[in-house]
1. Would you check if there is a residue in the range 163-171 being within 16 Å of the ligand (Cβ to nearest atom) and either at pLDDT 95 or above or crowded, with 21+ Cβ neighbours inside 10 Å (or both)?
2. For the range 113-124, enumerate the residues that are open to solvent by 70 Å² or more (accessible area, probe 1.4 Å) and of a type in the set (Ser, Thr, Tyr).
3. Only one residue in PRO197, PRO180, PRO138 is free of Cβ contacts under 8 Å to residues at least 40 places away in the same chain and not β-branched (Val, Ile, Thr), so which one is that?
4. Aromatic (Phe, Trp, Tyr), open to solvent by less than 30 Å² (accessible area, probe 1.4 Å) and under 24 Å from LEU108 (Cα atoms), is that true of TYR127?
5. If ASP40 meets every condition in (1) more than 20 Å from the chain's Cα centre (by Cα); (2) under 25 Å from VAL193 (Cβ atoms) apart from one, which number is that one?
6. For the range 163-214, name all the residues that are among the small types (Gly, Ala, Ser) and in a loop (DSSP other than H, G, I, E, B).
7. Condition first: of a type in the set (S, T, N, Q) and open to solvent by 80 Å² or more (accessible area, probe 1.4 Å). Now tell me which residues in the range 227-272 satisfy that.
8. Report yes if some residue within the range 131-138 is open to solvent by less than 10 Å² (accessible area, probe 1.4 Å) and of a type in the set (Gly, Ala, Ser); otherwise report no.
Amino acid sequence: MNILITGANGQLGNEMRVLRAAHPKHQYFFTDIAELDITDKAAVSDFVTANNIELIVNCAAYTNVDKAEEDEVAAMKINADAVAILGSQGVKVIHVSTDYVFSGDEHLPCRESDPVAPRTAYGRTKYEGEKRLLAECPDAVILRTAWLYSSFGNNFVKTMIKLGKEKEKLGVVFDQIGTPTYAADLAAAIFTVIECPMWHPGIYHFTNEGVCSWYDFTIAIHALAGIEKCQVRPILSEEYAYKTPRPHYSVLDKSKFKKTFGIEIPYWLDGLKRCMEKL
Ligand SMILES: NC(=O)c1ccc[n+]([C@@H]2O[C@H](COP(=O)([O-])OP(=O)(O)OC[C@H]3O[C@@H](n4cnc5c(N)ncnc54)[C@H](OP(=O)(O)O)[C@@H]3O)[C@@H](O)[C@H]2O)c1
């Protein structure tokens with residue numbers, strides 16, 4: 001297949017680049033905003049036609065949660081309008097969405113069929129993207145993920161390593177529970193969808209296995225990085241000046257993905273170890 005990967009300079013896009021070597025039978029077109037702005041409908045149509053694209057993997061997004069709150073229009077353009085453009089090309093689409101479509105008030109892992117209730121501008125724009133994609137391309141595959149990190153780009157893992165080296169004390173929230181997800185494992189899941197003999201459209205949840213708080217995650221990061229001098233203290237969300245409300249519980253139930261594609265998913269700590277070996 002001729003496969004277009006958008007947002008290829010981001011965390012997930014870069015992990016897709018790494019994994020392409022293990023899947024050499026396809027031809028890949030890796031683009032980011034400089035090569036192909038996905039909000040430009042004519043440019044997307046021309047690119048798809050000129051390169052006989054058969055599948056689009058959309059890794060592009062407006063991912064800054066706080067900035068999205070200040071400029072929802074800009075976030076909507078990339079997270080929803082552009083996703084509709086990608087869905088209108090008459091080719092298969094794999095799109096990535098987020099746990100932020102849910103309220104975060106739940107106490108059980110969220111299933112794909114659970115009601116959504118985004119509480120942030122970012123969550124609203126991502127949910128709008130899901131709806132608009134399915135309206136244009138009903139057989140699209142949407143993977144909702146959470147707490148993404150990678151050896152590429154800026155993320156929580158790199159921030160905590162930096163702060164751990166600089167500070168003697170650090171307060172990290174322990175009342176927000178989720179699943180850290182190594183973008184390389186999400187990229188592998190996307191290749192599982194691509195290589196599956198059957199196309200299984202629909203919404204799926206994909207994160208690593210297990211749950212932890214940001215505090216537990218930080219303890220694990222520092223232990224693996226050999227940071228011993230920084231004392232990490234558990235704090236409540238109300239003690240941290242968040243600009244945008246964060247979900248307290250955003251664990252995704254991955255049963256549907258595992259059953260449909262017949263795969264096992266790595267535990268979050270295993271993913272973290274593999275990522276940190278690359279840092
Ligand atoms: N990061 C997380 O914790 C997290 C959690 C849940 C879900 N997700 C979802 O997972 C997916 C991948 O996230 P990620 O962390 O890999 O994102 P990322 O690192 O922010 O990468 C997104 C890429 O898209 C590019 N982009 C922005 N606007 C574009 C446009 N108009 N045309 C083409 N490319 C454009 C960005 O360029 P610039 O950097 O120049 O803007 C960036 O290179 C996204 O759909 C995101 O919503 C992420």
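The values are calculated or read from the model by the stated rules, or taken from the named source; none is laboratory data. Keep in mind that what you see is a predicted model, and the values were worked out from it rather than measured. Neighbour counts run over all protein chains shown; Cβ positions are idealised from the backbone, glycine included. For accessibility, only protein heavy atoms count, side chains too; no ligands or nucleic acids. Shrake-Rupley method; radii C 1.70, N 1.55, O 1.52, S 1.80 Å.
1. no
2. Just the residues of the range 113-124 that are open to solvent by 70 Å² or more (accessible area, probe 1.4 Å), to begin with: 113, 115, 119, 124.
Within the range 113-124, just SER113 meets the criteria.
3. Every option except PRO197 fails the conditions.
4. On the way: aromatic (Phe, Trp, Tyr): yes; open to solvent by less than 30 Å² (accessible area, probe 1.4 Å): no; under 24 Å from LEU108 (Cα atoms): yes.
Here the answer is no, as TYR127 does not meet what is asked.
5. (2)
6. Within the range 163-214, the subset among the small types (Gly, Ala, Ser) is 164, 171, 178, 183-184, 187-189, 202, 210, 213.
Once the filter is applied, which keeps residues that are among the small types (Gly, Ala, Ser) and in a loop (DSSP other than H, G, I, E, B), the range 163-214 yields only GLY210.
7. Keep residues of the range 227-272 that are of a type in the set (S, T, N, Q), which gives 231, 237, 244, 250, 255, 260.
Passing the criteria: only GLN231.
8. no
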